[in-house]
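First comes the structure, then the notes that go with it.
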Amino acid sequence: LNSPVLASGQWSEQWKVLIYDGAGRDIISPLLNVAQLRRNGVTLHMLLDSDREPIPDVPAVYFCRPTPENVKRIAKDCTDKLYASVHLNFISKLERRLMEDLARLVIEGGQVQSIAKVVDQHLDFVSLEPRLFSLNQKNSYAAYNGSSVSETSVTDTMRTISHGLFSVLATLGSVPMIRAPPNGPSEMVARQLCELVSQALKSGGAFSEAGSAMTSRPLVVIIDRALDLATPLQHTCTYQALVDDVLEYRMNRVTIDDPSAGGRKTYDLEVEHDVFWKKNAPRPFPEAIDDNSSELTRIKELEKEVKSKIAAGGGDVQAAAEAPISAESGTQELLATVDSLPQLLERKKKLESHTNILQAAMKAIAARELPVLFEAETTDRADQKGKLVKLLGPDGKGTLQDKLRLLAVVSLRGGEAGDLEAEIAKAATSPEEQAELEKGLEGIKHLRQMQGFNKQTPVTTNAASTSAGRGIGSWMQSKTAGILGQVQSFLAQSDDSYVTRVIENLCEFKAGSEDESFLTLDPKRKDPLVRVDPTPGSSGGSNSRSAPPREVLVFVVGGGCYAEYQHVQEYSKKHPERQITYGCTELVNGRGFLKQLSSLKDT
């Protein structure tokens, strides 16, 4: 916040007020909680468009987008003398016209001296995890698809995307090589991004190889969502992806109905502060349930033993540490735990939070029979039509959206959808459902058209290789039987997806693959288009053939999803020689993506 990074546990001596708009709040929210803001000297944080009382003896740090409305409000704050000084941090570049407007308004108010600093931060993206980011651009697929979307609108959308992606690269500080399929939105974003980086290099700003967060020149791969339309629609099986699908999950926070709390409750889910979430977010849901049960039992037993030792020592921690220790818990572990009882209780609180989240998710999973839908989507068998008819008809327990998603995936896989559409029509009984069905079928029609246009290969199923005892349809008794009952086992997805195949082909320079068809752009070259020689071992003028990239950033235009991100995570674990970051215009679940598809007729 305009100050040097503080050492761990150190507090800022300068108290300040933080003012942000909605975009600034979304960027800060996953990174800094209230305690961390306080540690950095922020005593109060408020929205820019809210009514705020003057605090004339405290400086204010502004973090917002450079829009005409925000510039006018900032100038008004200065004129009204709300704060001692104003430090302006714009999320993206402040254009000259807006800068002149700001200067004019502040001069008219006679408060030029109140502005202490104006900085373009190039932070127009949301960092959700160390290897996951989103541009947080809503309805990003519908924004450039649909018959009524103008060419100007598409160009503006691609420009906004390229500027957001530029912010990511400017933050990393390394000049990338850029790969993208020719034609379409991916190429538009790639070329505009290449131009932005080239201009930044010429001006000497934004990029500093010395301060780069990456150890080598990264490879940026830009992919259009239309090249894999099935993945965001498919039902999934991992803890994080299911939380996103069946609960309210946004900006690393999940909200559930909690009768014990007298209503609804929100929990923070952060991989850097929640050990259980970091371990189990990408794991199959039943494994997360089992791990929660066993870990909670272990923590409770350890807590009980520590408290009994402290009580035996008369409440003296030192005396408790010198008391006899049972063999079950282990000497070193228990001695360490006596001194860290608060941390132990905090870990217990986190696990109990996950128990509540798992319960809420399990209710939705059981009510909608999501394991059965997942099996139907990931199994490609000739004898499956009868099962599909039952699932899509009025007897199927899934919601109408679940059935439309299943129909969409089956259609993309090349299945005959005519009879199935007649069955799903029987499930739409109310006028509202019939209207939703009509829009959903229009969205599926768009999917088929895009698949034919892209000549997309059939959707792959992830049911080909499974370990014994892990098949869909097998019932496993969870260790949390008293709480969650029996849980139908989900099939563990493999890491084979379109995105991971593209990464593999580009990094390994595989012949006859995307490595030969994708464009290669180098912002450091006068002519950025690199014509790569497909001959193995050749440098192609860019050394890209002889040195496989160690840092990869894959970006999906039109929206990504947690299932796809977890495919990338699993692939990265198997290839530790390369670090892979996943980004997208927005993170969407199956319901959200289906809604965008259904709106294309009206777009």
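The values are calculated or read from the model by the stated rules, or taken from the named source; none is laboratory data. For clarity, every value in this text was computed on a predicted model and none was experimentally measured. With ideal geometry, Cβ positions are generated from the backbone for all residues, glycine too; neighbour counts draw on all protein chains shown. Quick note on the areas: whole protein, heavy atoms, side chains included, nothing else; ligands and nucleic acids left out. Shrake-Rupley method; radii C 1.70, N 1.55, O 1.52, S 1.80 Å.
Would you mind stating whether residue 367 is modelled with pLDDT under 75 and either open to solvent by 50 Å² or more (accessible area, probe 1.4 Å) or touching a Lys or Arg at 6+ places or on another chain (Cβ under 6 Å) (or both)? Against the criterion (modelled with pLDDT under 75 and either open to solvent by 50 Å² or more (accessible area, probe 1.4 Å) or touching a Lys or Arg at 6+ places or on another chain (Cβ under 6 Å) (or both)), residue 367 does not qualify. Look at (1) at pLDDT below 95; (2) surrounded by fewer than 20 Cβ atoms within 10 Å (Cβ to Cβ) and you find that residue 248 fails only one, number (1). Here the strands (runs of 3 or more DSSP E) wholly within the stretch 85-200 that include at least 2 residues being open to solvent by 40 Å² or more (accessible area, probe 1.4 Å) and farther than 30 Å from residue 525 by Cβ are 115-120. Among the residues of the stretch 495-525, those that are closer than 18 Å to residue 570 by Cα and either open to solvent by less than 50 Å² (accessible area, probe 1.4 Å) or assigned to a strand (DSSP E or B) (or both) comprise 495, 497, 498, 499, 500, 502, 503, 504, 505, 506, 507. Of the residues making up the stretch 254-274, those that are touching a strand residue (DSSP E or B) at 6+ places or on another chain (Cβ under 7 Å) and free of Cβ contacts under 8 Å to residues at least 24 places away in the same chain number 3.
Kindly provide the set of residues from the stretch 382-406 that are open to solvent by less than 40 Å² (accessible area, probe 1.4 Å) and of a type in the set (Gly, Ala, Ser), ordered by number. Once the filter is applied, which keeps residues that are open to solvent by less than 40 Å² (accessible area, probe 1.4 Å) and of a type in the set (Gly, Ala, Ser), the stretch 382-406 yields 393, 396, 398. Taking the stretch 424-451 as the range and being surrounded by 19 or more Cβ atoms within 10 Å (Cβ to Cβ) and under 18 Å from residue 385 (Cβ atoms) as the test, the residues that pass are 424, 427, 444. Looking at this structure, is residue 232 open to solvent by 10 Å² or more (accessible area, probe 1.4 Å), modelled with pLDDT of 90 or more and touching a Phe, Trp or Tyr at 6+ places or on another chain (Cβ under 6 Å)? Here the answer is no, as residue 232 does not meet what is asked.
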